[in-house]
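Student: Take a look at this one; I'll ask things after.
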């Protein structure tokens, strides 16, 4: 018996299978690219990635099912068996399914986008991609961290770069006999001279307590300084402020301590 007749396979079926592979696969790839571009323009990068994956894999499954049909397989029986296997695999891969569903919630809610700097648990870095199962984050020391979508959705998430401006809080300490009014005036004048620090919102200088440093018995005044900067200036603004304050008090012969509070 001819094996081709056994499976219901003939020349016309071979032609249709060839068309599905030669024409169908490029068409699926074309529509995947179109969907990705449209979603990228109207939504975000990670939306385009997720939806393009859905379109691509859905199209490939459609082509695969039609190829099986042309080969003479009972597609209904195959799909029924696949359904049973799918249920079994579903129980065995509940975590993966949960991550996929969580990925769709991240897509709809959009708490962050690709390129944003985020903090999830102990991980801080730039979100490089949001895939079906996990978020890929590049840390400040250039390491790749993979965080499951379910973890991102369930736990506390901070989008560090969501807003265009950011506040930096500093804690200064000066000797107890210093006049707070004079220190306040000098620090505000120092901030006003620097274009790196924004005039609005207004910078704040306030005395928070008097006490001792952990390594010193001398009583000191502790002063909180809050300044606002553009998001892109955040890193350099911290170092610049500390340097300016140190130079100013060094010129007066006053020992000052400065530390960032956030």
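The values are calculated or read from the model by the stated rules, or taken from the named source; none is laboratory data. Worth saying up front: this structure is predicted, and the values here are computed from it rather than measured. Positions of Cβ are backbone-derived with ideal geometry, glycine not excepted, and every protein chain shown enters the neighbour counts.
Student: For residue 231, indicate whether it is under 30 Å from residue 161 (Cα atoms) and loosely packed, with under 13 Cβ neighbours inside 10 Å.
Tutor: On the way: under 30 Å from residue 161 (Cα atoms): yes; loosely packed, with under 13 Cβ neighbours inside 10 Å: no.
Criteria not met by residue 231.
Student: For segment 64-78, check the following and say yes or no: at least one residue is surrounded by fewer than 16 Cβ atoms within 10 Å (Cβ to Cβ), out of contact with any helix residue (DSSP H, G or I) (no Cβ under 8 Å at 6 or more places or on another chain) and modelled with pLDDT of 75 or more.
Tutor: yes
Student: Here is a check on your reading of the model: is residue 237 at negative phi and without any contact (Cβ under 8 Å) to a residue 24 or more places away in the chain?
Tutor: Numbers: at negative phi: yes; without any contact (Cβ under 8 Å) to a residue 24 or more places away in the chain: no.
Spelling it out, it is not the case that residue 237 is at negative phi and without any contact (Cβ under 8 Å) to a residue 24 or more places away in the chain.
Student: Hey, any hits in segment 170-177 for a residue that's touching a helix residue (DSSP H, G or I) at 6+ places or on another chain (Cβ under 8 Å), outside the structural domain of residue 116 (by TED's automatic domain parsing) and under 29 Å from residue 118 (Cα atoms)? Talk me through it step by step, then tell me what you get.
Tutor: Applying the first criterion (touching a helix residue (DSSP H, G or I) at 6+ places or on another chain (Cβ under 8 Å)) to segment 170-177 yields 170, 172, 174.
Then keep just the ones that are outside the structural domain of residue 116 (by TED's automatic domain parsing); that gives 170, 172, 174.
From what is left, the residues that are under 29 Å from residue 118 (Cα atoms) are 170, 172.
The answer is yes; a qualifying residue exists.
Student: Further, regarding this structure: For segment 101-126, enumerate the residues that are in contact (Cβ under 8 Å) with a residue 60 or more places away in the chain and either within 16 Å of residue 155 (Cα to Cα) or not in a helix (DSSP H, G or I) (or both). Outline the logic, then answer.
Tutor: Let us first name the residues in segment 101-126 that are in contact (Cβ under 8 Å) with a residue 60 or more places away in the chain, namely 106-107, 110, 113-115.
Scanning segment 101-126 gives 106, 110, 113, 114, 115.
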